[in-house]
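Let me begin by presenting the structure, written as structure tokens, before commenting on it.
The values are calculated or read from the model by the stated rules, or taken from the named source; none is laboratory data. Here the structure is a predicted model, which means the values were calculated and not measured. With ideal geometry, Cβ positions are generated from the backbone for all residues, glycine too; neighbour counts draw on all protein chains shown. To get the accessible areas, we keep the full protein, side chains included, count just its heavy atoms, and leave off ligands, DNA and RNA. Shrake-Rupley method; radii C 1.70, N 1.55, O 1.52, S 1.80 Å.
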2 protein chains.
Amino acid sequence: MTLENQPGSVGIVTTRHVELFSREAPLSLDCGATLGPVSVAYETYGTLNATASNAILVCHALSGNAHAAGLHHPEDKRYGWWDDYIGPGKPFDTRKFFVISTNNLGGCNGTTGPSSIDPVSGHPYGLRFPMITIGDMARLQRAVVTHLGIHKLLAVAGGSMGGMIALQWALDYPDQVASSIVIGSTPRLSAQNIAFNAVARQAIMSDPHFNNGDHYDGPRPEKGLALARMMAHITYLSEKGLHEKFGRRLQDRENLSYGFETDFAVESYLAYQGSSFVRRFDANTYLYITKAMDYFDPFPDPETTAKRLIPVTARFLVMCFDTDWRFDSSRSKELVKILNWNRKEVTFQELSSPHGHDAFLLDAPQYKESLAGFLNRILQETTDREAHVA
Amino acid sequence: MTLENQPGSVGIVTTRHVELFSREAPLSLDCGATLGPVSVAYETYGTLNATASNAILVCHALSGNAHAAGLHHPEDKRYGWWDDYIGPGKPFDTRKFFVISTNNLGGCNGTTGPSSIDPVSGHPYGLRFPMITIGDMARLQRAVVTHLGIHKLLAVAGGSMGGMIALQWALDYPDQVASSIVIGSTPRLSAQNIAFNAVARQAIMSDPHFNNGDHYDGPRPEKGLALARMMAHITYLSEKGLHEKFGRRLQDRENLSYGFETDFAVESYLAYQGSSFVRRFDANTYLYITKAMDYFDPFPDPETTAKRLIPVTARFLVMCFDTDWRFDSSRSKELVKILNWNRKEVTFQELSSPHGHDAFLLDAPQYKESLAGFLNRILQETTDREAHVA
């Protein structure tokens, strides 16, 4: 293997911002409300080819942002959230593909969301922000893609909620998506998923600093948001993974405290997850995004499903991880069944991992091979078709 | 089947109270502290025989109390928590057995706990209550059993935390327990279990009304306690059970609210579970009891295990339910392995149920048969031995 073939980094990247829509020509939302103007934070990696036919959109999950790969400055220690998968020689190979990543609608990292200033009032939206859906997120992304001069994407890919967005794209913009990659995701939340989201929202809304969502000038509902995150974090890890990482190991002590301090290492780890999350995330965004996930249900009954899938031309790659219990393998299999029964091309892989739901974010050779193989096939098919047309 | 053989109710029962120990001769706790006097709420069902050899102790779980069977008055609609299993013709057959049920140490239903008045200060203990363990709970129960004139129990039985107490009895009082029945339980909490307990405690202690445990005169940390209960409740039910009961059914509405009100029936159900729990349970008891569970670990390593099990003579019945994911079947199997490897007699049954962890509380014919068969064998063996001695 030559140095050139070694998987590398996209290097130093910059988050860009674009303002789309306007008060006069706003973004229409599924709830009936409109938004305009809408700012979007995005990053791109690689180079768009002359025919604008090598673009891939990657979609982040609940707490992600536009920074999917590379570093923001030379001293930056924190790579983008999918850096293991995006870069020269990696599955989303930036020597071949032009990769786009946007912060989702409703987010808190540069894209318009509840913490943004409402141009009408001059104050943050708070809970006056309209309810958004996965469909709205895809709709805004489509405007970004159009803004970048791209008509059709080679792939839309994402894990967890990002997988829902990737699925939504294939349904809503069938002529603009060659493939949809849905990883560790589900065609709908289960009652248990909704229950966990509901308790998380209750934790935030019960915080005395919540103030009905208007907490941007004062103390923020940090305890509530930390609780929500800690609880969710338990569901991101497998029981086995947590056991192997922490077991019943005590934290910084020889013996039990016989008090309410932290006894076990797992308690200390969770507290850290909670407190670091509140420094970078908005409590209102948490409310809106979990609600958008609760609402996602593109295939509520066989008739609707059939109707929605008729125009769909995307080839699908569905992947899941055996220890994921937030969205377990049966959810991915359900999606595969729906797609196959409706005569769509779908490749399915269940991968082995000790990391539970978080596995979709982590480095794993087989996962990489699967992604790369699928993407290269789609690229080949598209290139062949272009050559044929030419 | 004659009417006499129909399983019946124990009828109207009364919770009794006894004061044990004293300031001069207190209850010694594992943490090194002492408590005295200690009040205990208890109920009994059936009649103690002349040799006091037909007594069974049933142990409740986290949120249970002494009221295990029957009704408290003729208009009472709420049967005791294990009424399906205790009564004439039921597995804990009150025509044969004398069944004892106590509210656990640290509880909030008549037994001394953090909400009780500290005789020294004249105020509720609050967080000045000493940390308690599963061993301390068994120690207090033993004092009650002795008070009732019983030397040896035919069985100690319990589900979930009650199963931990039943196991503890067999280890700590080997001459006083003929059998130990451990249902839907575990020899130790996993990292995931501890994590859920830690988040539940954080929810309570983050409530602005928590006031470091001194909330008996003012508003109580109801929101925090409700959050803790809602989260825990999710873990008591199976994913499948929740799905079958609620799925994605909307609550009292035709369409999505596009707001933060309750959309789904499962949200409404959980909110009800939270709000009804806070009316009957003390937040500080929740803290102490979850911590006692976190600490429970009688078999930390093979050497300690072997040493602890040498004097143990109890016969064990271990049961679990296939959809229980709070304490899944592998935990019961681990306990069976430990007991068998240390040459203890152990009967193991994994039962099928859609009800997850809650299954140990619910009516199920096979579960009843298993309990009844085991108990009758133990009774027979004990009777034979008595006859032989006589």
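Observations on the model:
- For the axis carrying chain B to chain A: nearest C-beta residue of B, whole Å: B:Pro208, 2
- Cα centroid of segment A:204-245 to Cα centroid of segment B:11-81, whole Å: 38
- Measuring nothing but how far apart in sequence close Cα pairs (under 8 Å, 6+ apart) lie, relative to its length, chain A scores a relative contact order of 17 percent.
- Only Lys, Arg (+1) and Asp, Glu (-1) charged, at Cβ; chain A dipole about Cα centre in debye: 460
- Heavy atoms of B:Ile12: accessible area, 1.4 Å probe, square angstrom to 10: 100
- The other copies place their B:Gly259 label points at 4.6 nm from this one, listed shortest first, where each point is 7 Å from Cα along Cα→Cβ.
- Under 5 Å, built H, 5+ apart or other chain: amide partners of B:Leu153: B:Val177, B:Ala178
- Solvent-accessible surface of protein heavy atoms, probed at 1.4 angstrom with all chains present, puts A:Asp328, A:Asp83, B:Asp363 in the order B:Asp363, A:Asp328, A:Asp83, largest first.
- With a 1.4 Å probe rolled over the protein heavy atoms of all chains, the accessible area of B:Lys96, B:Lys291, B:Lys223 falls in the order B:Lys223, B:Lys96, B:Lys291, largest first.
- Counted by Cβ distance under 11 Å from B:Asn376, the other residues give a net charge of -1, where Lys and Arg count +1 and Asp and Glu count -1.
- Under 5 Å from the amide H of A:Leu250 lie the amide H atoms of A:Ala265, each residue being 5 or more positions distant or on a separate chain, with H modelled from the backbone and absent for Pro and chain starts.
- Counting every alpha-carbon pair across segment B:194-290, the share separated by more than 23 Å comes to 34%.
- Cα pair count fraction exceeding 30 Å, expressed as % - chain A: 40
- Area accessible to solvent at B:Trp81, 1.4 Å probe radius, in Å²: 50
- Chain B: Lys pairs at Cα distance under 17 angstrom, eight or more positions apart or on different chains: 6
- Residue-count net charge about A:Thr262 - beta-carbon cut-off 9 Å; Lys, Arg +1, Asp, Glu -1: -3
- Length-normalised contact order for segment B:194-290 - Cα pairs under 8 Å, 6+ apart - percent: 30
- Amide H contacts of B:Val10 (H built 1.01 Å from N, in plane; Pro and chain starts excluded): B:Gly70 sit under 5 Å, all sequence-distant by 5 or more or on other chains.
- Span from the segment A:132-160 Cα centroid across to the segment A:87-101 one, whole angstrom: 17
- Distances in nm from A:His147 to the matching label points in the other copies, shortest first (labels 7 Å along Cα to Cβ): 7.3
- Segment B:1-115: projected area of the alpha-carbon convex hull, averaged over directions, in nm²: 9.2
- For segment B:26-177, the spread of Cα positions along the three principal axes, ordered from largest to smallest, is 47, 41, 28 Å.
- Debye log10 I(q)/I(0) at q = 0.14 Å⁻¹ for segment A:36-90, Cα point scatterers: -0.47
- Its Kirkwood hydrodynamic radius, worked out from the mean inverse distance over all distinct Cα pairs, puts segment B:87-227 at 17.3 Å.
- Across the copies of the chain, B:Ser28 has label points (7 Å from Cα along Cα→Cβ) spaced 7.8 nm apart, shortest distance listed first.
- Summed side-chain charge close to A:Gly36 - residues other than A:Gly36 whose Cβ falls under 14 Å, Lys, Arg +1, Asp, Glu -1: -2
- Dimensionless Rg over Rh [the protein assembly as shown; C-alpha; Kirkwood]: 1.03
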